[in-house]
1. How many nm is it between the label spots at A:Arg106 and A:Arg249, if each spot is 7 Å from the Cα in line with the beta carbon?
2. Running a GNM on chain A with Cα contacts under 10 Å, which residue among A:Ala14, A:Ala96, A:Ala319 ends up with the highest mean-square fluctuation?
3. Only counting other Cβ atoms within 10 Å, I'd like A:Ser353, A:Ser367 sorted with the fewest neighbours first.
4. Kindly write out, for the stretch A:158-166 in residue order, the coupling ³J(HN,Hα) from the Karplus curve 6.51 cos²θ - 1.76 cosθ + 1.60 (θ = phi - 60°), rounded to whole Hz, with x marking Gly and Pro.
5. Based solely on its DSSP helices, what 222 nm [θ] is calculated for chain B when runs of n ≥ 4 H residues each add -39,500 (n - 2.57) and the sum is averaged over all residues, nearest 500 deg cm²/dmol?
6. Quick one: net charge of A:Glu168's neighbours, Cβ under 11 Å, K/R +1, D/E -1?
7. Quick one: if the Förster radius is 56 Å, what FRET efficiency do A:Asn199 and B:Lys140 give, using the C-beta to C-beta distance and rounding to 0.05?
8. So how far, in whole Å, is the C-alpha centre of the stretch A:1-52 from the one of the stretch A:85-122?
Amino acid sequence: MDKFLNIISQSVVAVRAFKLRTFFCMFSVALGISAITIIVAATEGAYKKAYDIVARFGPDSLLVTSGGEEARAVGRFDKTLTLGDVEAVKQNFDTAYVVVPMSAVRNINVSYRDKKYQTTIYGSTNDYSRVWTWPVIQGSDFTDEDVNGLRNVAIIGKYVVEQLFGNEDPVGKYILVKNIPVQVVGVLSERGTTPTGANLDDRIVIPITTLMRKLQNETTYISTFRIRFTDQERLEQRQEEMKQFLRARHNLRASDPDDFRIVSPKEIIKFLVALTSSLTIFLGVAGVISLFVAGFVLANLFLLSVKERSKEIGIRRAAGAKKRDILMQFLGEAVIITTIGGLIGFIMGYVSSNLLKLIAEFEIYFSWKAFAAGLLLSWAVGVGFGLQPARKAANMNPIDAIRK
Amino acid sequence: MSLCELTDIKKTYKIGEDNVEVLKGISLKIEKGEFVAIMGTSGSGKTTLMNLLGCLDVPTSGSYKLSGTEVSSLPDDELSRIRNEHIGFIFQSFHLLPYATVLENVLLPTLYLEHHQDGLKARALHLLELVGLQDRAKFKPSQLSGGQQQRVAIARALMNDPELLLADEPTGQLDSRTASEIIKTLSDMNSKGTTVVLITHDENIASNAKRIVKISDGLLV
Ligand SMILES: Nc1ncnc2c1ncn2[C@@H]1O[C@H](COP(=O)(O)OP(=O)(O)OP(=O)(O)O)[C@@H](O)[C@H]1O
Ligand SMILES: [Mg+2]
């Protein structure tokens, strides 16, 4: 152990003595590691965001939407789900503790006094807030009676509050929705935007009965419904059961495609990760290339250094250094340089990814993982590319080395 | 038992396709405590012989016993250990590490000791005092004169208390006054019990030794 420390102390001395070599190696490693740091942080950020969204969507939830994949692909949004489906699901799925139908109508004119505005109106039952774990922060959610009685009541998003009310308290006020007076009973907490840029706070929610009858002139069909299960761990199985159940209810033959789509938390994660993965791949390739460049810079500067320092190597060998002592010293020099380079790279990555976050609204999340990845990779570069020069130094014939 | 016992040592170097026989069968005994000068013209094989004596190289054929142990066929690590513990080298052009201080240079052989020893720094300072450089411990080699650098090299060679001190033309780059000081230091070390082998082609310098061995074209004469 003493000997190991002795030899590493010689590495430290050499790292300090050969400043130019140290600078160039450190700099190139720092560049590579900073790219890697950004990648790891960005990937983690993407996943974290995905999981945040799933947490809001509800990890125990399924969303069933009208129209199959094929119909959607050609731009048809047929309504195939019915209030009857919702009732049947309620009856037949024991572990479904919440089943809520939903429909939406886009681009509806709403106004309050002289303020006019266009937004999307969502119809739901009284459980909207609970189903979406989306708290009502002012006033209250609507009630069973509101839904059964087709009452003109609404809970509204923060953005709508800003557009129509400014600083005024909206609870209890009447707004006009397509010329129908509707009373605001509650305000939803702020949710921000989705990764695709949709503003979640730009919405008005009214009882689905009111929406169907008064805005859509519809009695049967709905666009989606949402289910939450108490047995979250069997969600995949429930999804399959739901599929077969609805296919049977819709009298589909084996050859027919689904006329509905079931969205699960898993698919949301897949989608969100795919969204950020192209950028991550680009950065990943750039990072790996820059690490290789750093490695080659290191290997070449070290080979040069070994040549220049052959006399030193000969002197050490004459004084009793074994081959592995020389190997250890040069490898130590490489690893010390890349470790410090890696730490600098991590700081550079930290700073520049925060800039990236500002400029590109890129999701970044730093954990010990980015740090560990940077450190491990800088060691890998140090050992991987420092080994050959160190071997060369160790295997020099001492007499030849000292004669130079 | 002799400290060094060489029997019919041959050394051949390969230069390209040609084999050049530099040592052509050398038999030599050096006893413990001796002060031997090896003399010969340039290219006669003195340095080659010293490298073999110091286990920096192995002979092509022949036997070399160091303190009774056959070393001509030992593995590299073992030769390193022997150099570290039993041999001190002094070179014509000093061969100090330029970026290390005088003290660090003297301590160099201790870095490669297999077992921890106490009091190394004190010993290094003591050796520097012995060669008259106690106040230069923190200097870099480039801040010293040639004679001073060679005395640092002597202190380094003595650091691990070797049985055999090998000096290859240690005064070759020094003026005659400084040279005789260096030789005096070596004589002092010898009188304290260290075996000294001094390579030179200067008659005057060689005359300080108790025995002179002459080598010519790879053979002792
Ligand atoms: N490593 C080597 N490879 C090839 N040839 C060598 C090697 N070392 C020495 N020689 C050759 O061996 C011969 C003897 O060299 P050596 O260095 O032993 O002579 P020397 O007596 O020390 O000479 P000098 O007084 O000039 O130092 C020379 O011809 C030299 O060219
Ligand atoms: Mg010579």
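1. My value for the distance between the label points is 2.6 nm.
2. The residue with the greatest mean-square fluctuation here is A:Ala319.
3. Neighbour counts put them in this order, fewest first: A:Ser367, A:Ser353.
4. 4, 5, 5, 4, 4, 5, 9, 10, x
5. -9000 deg cm²/dmol
6. +1
7. Numbers: r = 69 Å, r/R0 = 1.23.
The calculated FRET efficiency here is 0.25.
8. The stretch A:1-52 and the stretch A:85-122 have Cα centres spaced 53 Å from each other.
No lab work stands behind these numbers, since they all come straight from the coordinates. Keep in mind that what you see is a predicted model, and the values were worked out from it rather than measured. Backbone-built Cβ (ideal geometry, glycine too); neighbour counts: all protein chains shown.
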